[in-house]
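Structure record follows, encoded as structure tokens.
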Amino acid sequence: MIVCLCKGISDRRLREEARRGHRTVAQVRRSCGACTGCGACVRQVAEILRGAGPAVAARSDGGGGPAAG
């Protein structure tokens, strides 16, 4: 679904930005341009970023397996 109509940024793209470590609206503004037009999407973008938190952390832990060596 398109979240930022001004820039054509989807919720999928926002979750990808979160996986890349962009966890605030300010970081997303710089990385992909969302929230830089009219600003109507700011609240929804922030909500998507908050919702991406635990899932992103779980996927970025390196797999959780035993250390090689």
Revision key, fill the gap. When every residue in region 27-42 that is touching a Cys at 6+ places or on another chain (Cβ under 9 Å) and assigned to a helix (DSSP H, G or I) is compared, the one surrounded by the fewest Cβ atoms within 10 Å (Cβ to Cβ) is V42
Revision key, fill the gap. Residue count, region 31-67, condition of a type in the set (K, R) and at pLDDT 95 or above, comes to 1
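The values are calculated or read from the model by the stated rules, or taken from the named source; none is laboratory data. Keep in mind that this is a model prediction, so the values were computed, not measured. Glycine gets a Cβ as well: all are built from the backbone with ideal geometry, and neighbour counts include every protein chain shown.
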